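The values are calculated or read from the model by the stated rules, or taken from the named source; none is laboratory data. The structure displayed is predicted, hence computed values, not measured ones. Neighbour counts are summed over all protein chains in view; Cβ atoms, including those assigned to glycine, are modelled from backbone coordinates with ideal geometry. Just so you know, the surface numbers come from the protein's heavy atoms only, side chains and all, with ligands and any DNA or RNA stripped out. Shrake-Rupley method; radii C 1.70, N 1.55, O 1.52, S 1.80 Å.
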Amino acid sequence: MSNAHVSLFTFISRQAVLAATPMILAGTGELLAETAGVINIGIEGVMLLGCISAYLAAATTGSGALGLLAAIVAGLIAGSLFALVGVIGRGDQIVAGAAMNLLAVGVSGSAWMLFQNARENANLPTSLPQGAGFVAFSPAWADHIPFFGPVLLHQYGLFYAAVLLAILAAIALRYTRAGVILRALGDSPEACEAAGVGVKRWRFGVLLLAGACAGAAGAYLSIMRTHTFASDMTGGQGFVVLALVIFGRWRVWGLVAGCLLFGAVNSLQQSLQTLRYTQHNAIMHAFAGLPFELFQMLPYVVALVALAILSRSAPGPRFLGVAWQK
Amino acid sequence: MTQPPSIPPRVKLGGSSPLPPDGSAMRDASLASSAEANHRVARPPRAWLTALIPILASVLALTLVVGGLSLLGYPAWGLVRRWVHGAVGNHLQIAASLASACPLLLTGLAVGVAFKSGVLNIGAQGQYLLGAVASVAMATRFAPPMPPQAIVLLSVVAGIIAGSLWAGVAWALERYRGVPIVLSTILLNFVAAYLATALLHGVLQARGTSAPQSAEIGQALWLPVLIKYTNLHVGVPIAFGLAVVAWLVLRRTTFGFEILVTGSNPQAAALAGMPIGRRRAQVMLISGALAGLAGAFQVLGVAHFMTSSFGNYGYAGIAVALLGWLDPLGIAAAALFFGALDTGAQIVEESSLGLPHNMADVVKAVIILVMLLLAGWAAQRRLKQRQGD
């Protein structure tokens, strides 16, 4: 994108969409799982596993597509592991989710160190090979469309997949048999079982889907937006997603709005961090002395405030977090 | 939307787990007070299973990780030998293992006590970090003109209060705004981490550095060590003493009994007229205090200064608590095991094998997942036997 003639507002909006994409992806998966009555607080960990898998696969094969595929497979494996413990084994979902996060930190940290050592020993370059990372679309014709061109058309392919997924999920939840079943799984699993719908099987399936989504979201972070891996690269986004699902009152459009809002706050705080040094006016001067961590903290504070305002009014799935036993 | 906090059902049920107006009591039971969760992590009925399941899970997890690494071409036996030697090889390593068990034990107790009473405090990490920050602030920056022993005591108290207050924020968000503690504590962990780093970049920063790092605590303010040239500080026996105290309180006092009932059966507790709301508040404050104490001990006894990356003991505390079946004495045993695991893994990383110490986290996580599976299996078997009778 040619930045010269793009206004600050457009720039921040594009950054907001960029930041929101992985959260829309992972969030839609989590929303479907929660609708079916399963809460996975390990979504952050699944994203991190997606990050490392995508990076390792892309770096070793030189193919970004294989990287994305590896992240999705990692998400499926992590999702089925969680489902095995939380749905089939009826283990506590909160504890199992916390264990998934710990597992992801351990696995990704270990794999990253082993990989770096191997790469160093083989004297390979420390960046992704050419073509192994994705780049955003930048069609020249889109520049002529004011605002929407740069904001919505200069994006990564996965953004469009995320939007499509969100739309499909919203339609499916509302108008299809599968959607009715998913909602019933969360509100009245007994009725499902009585109607011949296998509660455990359906929940397992939706957790696989959620895992794949979170894995792909991880790939977005490591081989699309950046072409690197860092042990803290998910930075709590998977946890914020949990809050945003409540913020959106278990509705897809609400979730997407929350993700965009979060992305906007995030890109605003990033812009503020740079602006306070480059712009010399009274407001920016007041900000200049603050440690930048206070800005980084802002999105989480906003998420908390949003929860504080909305939590009471948002009755979620009745059996959220409760294991099903025949 | 904004119910006043004094409508009858809230007061009766103690505020923290109100029956929602739409009658979806189950939702609240599941997320906010989580009686079901408590049931799931309750120890199995038979004593031999109580001991067998954690041991089985640990052996399985270690086998999986060591086996996986040997598939990658690392010598399994050499790895195990170095790991064990690093953990308990000589008195220095044993002291190091005990010292790293200390924060795990305190955060484990923090999580354990909270989970026991159905308060899903996932926020030990944030409470631990702010405890350390408050402690280092008191010791390096705001020390009053007093004898060093008094300043040390003040620093420890500052850590306890900071952890407690941070937990109090999550409690207040649930009590007055209905935000589930699970979620608020997760988010508050991140706020705490950034807040700690901001302070380490700001008022607490050491002179002559641009890194988020505090000044070193004066040697007179270090916690005294029990064995020379080790980190085995006086906080370690205190932590184990606290585990015994917690065990006694849960077993032998009305307060402890009410906590247990509040956790396992909030409805019964409410019917019996127990002050559930007050108990939940107290449990949350105690939990935060324990995590804050872990931070204070870690900074005063081991690190002696603070940087922005100060360990993930708060998160590991969840695993410790579960491995110990949420029982204080079990948690003490689990903390010893995980402390040894961490210390050994550190040695393996420094050894010629050069394996990452993060593999200890993998072991911990797999232990928890296997334990959940085995405990679920045991519970299911018991249910089937009962139905068979």
Filtered residues of segment B:68-81 (kept if open to solvent by 70 Å² or more (accessible area, probe 1.4 Å) and within 15 Å of B:GLY344 (Cβ to Cβ)): B:TRP77, B:ARG81
Selection from segment A:298-326 of residues that are at pLDDT 75 or above and closer than 18 Å to A:GLU34 by Cα: A:LEU307, A:LEU310, A:GLY316, A:PRO317, A:ARG318, A:PHE319, A:LEU320, A:GLY321, A:VAL322, A:ALA323, A:TRP324
Qualifying residue in segment A:123-135 (condition: touching a Pro at 6+ places or on another chain (Cβ under 8 Å), in contact (Cβ under 8 Å) with a residue 24 or more places away in the chain and either at negative phi or assigned to a helix (DSSP H, G or I) (or both)): no
Residues located in segment B:273-296, provided they are open to solvent by 70 Å² or more (accessible area, probe 1.4 Å) and more than 19 Å from the chain's Cα centre (by Cα): B:ARG278
Residue match in segment A:52-60 (condition: without any contact (Cβ under 8 Å) to a residue 60 or more places away in the chain and crowded, with 24+ Cβ neighbours inside 10 Å): yes
Looking only at segment B:195-212, and only at residues there that are surrounded by fewer than 21 Cβ atoms within 10 Å (Cβ to Cβ) and assigned to a loop (DSSP other than H, G, I, E, B), the one that is nearest to the other protein chains (Cβ to nearest Cβ): B:GLY202
Residues satisfying the stated conditions in segment B:213-258, i.e. outside any loop (DSSP other than H, G, I, E, B) and of a type in the set (Lys, Arg): B:ARG251, B:ARG252
Residue check, A:ALA58 more than 7 Å from chain B (Cβ to nearest Cβ) and of a type in the set (A, V, I, L, M, F, W, C): yes
Which numbered condition B:PRO356 misses (of (1) open to solvent by less than 20 Å² (accessible area, probe 1.4 Å); (2) more than 30 Å from B:ARG82 (Cβ to Cβ); (3) without any contact (Cβ under 8 Å) to a residue 60 or more places away in the chain): (2)
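Say whether the condition of being on the phi > 0 side of the Ramachandran plot and within 14 Å of chain A (Cβ to nearest Cβ) is met by at least one residue in segment B:356-376.
The answer is no; no qualifying residue exists.
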Hits in segment A:134-161 - residues which are open to solvent by less than 50 Å² (accessible area, probe 1.4 Å) and touching a Gly at 6+ places or on another chain (Cβ under 9 Å): A:ALA136, A:PRO139, A:ALA142, A:ASP143
Filter result for the condition that a residue is surrounded by fewer than 23 Cβ atoms within 10 Å (Cβ to Cβ), small (Gly, Ala, Ser) and at pLDDT 85 or above, over A:GLY198, A:GLY131: A:GLY198
Single residue of B:ALA95, B:ALA134, B:ALA143, B:ALA150 found to be part of a helix (DSSP H, G or I), touching a residue at least 24 places away in the same chain (Cβ under 8 Å), of a type outside the set (Phe, Trp, Tyr) and open to solvent by 10 Å² or more (accessible area, probe 1.4 Å): B:ALA134
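Return the total of residues in segment B:302-339 being in a loop (DSSP other than H, G, I, E, B) and either aliphatic (A, V, I, L, M) or open to solvent by 10 Å² or more (accessible area, probe 1.4 Å) (or both). Working first, answer last.
To start, the set of residues in segment B:302-339 that are in a loop (DSSP other than H, G, I, E, B) comprises B:304-306, B:308-312, B:324-327.
Narrowing the set further to residues that are either aliphatic (A, V, I, L, M) or open to solvent by 10 Å² or more (accessible area, probe 1.4 Å) (or both) leaves B:304-306, B:308-312, B:325-327.
Here the count works out to 11.
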Some residue of segment B:42-57 being closer than 26 Å to B:GLY354 by Cα, at pLDDT 85 or above and open to solvent by 10 Å² or more (accessible area, probe 1.4 Å): no
Identity of the residue in segment A:293-308, without any contact (Cβ under 8 Å) to a residue 40 or more places away in the chain and within 12 Å of B:ALA192 (Cβ to Cβ), that ends up least open to solvent (accessible area, probe 1.4 Å): A:GLU293
Residues of segment A:217-245 that turn out to be touching a Pro at 6+ places or on another chain (Cβ under 8 Å) and hydrophobic (A, V, I, L, M, F, W, C), as a count: 3
Answer residue from segment A:85-99, given it is facing another protein chain (nearest Cβ under 7 Å) and in a helix (DSSP H, G or I) and is surrounded by the most Cβ atoms within 10 Å (Cβ to Cβ) among those: A:ALA99
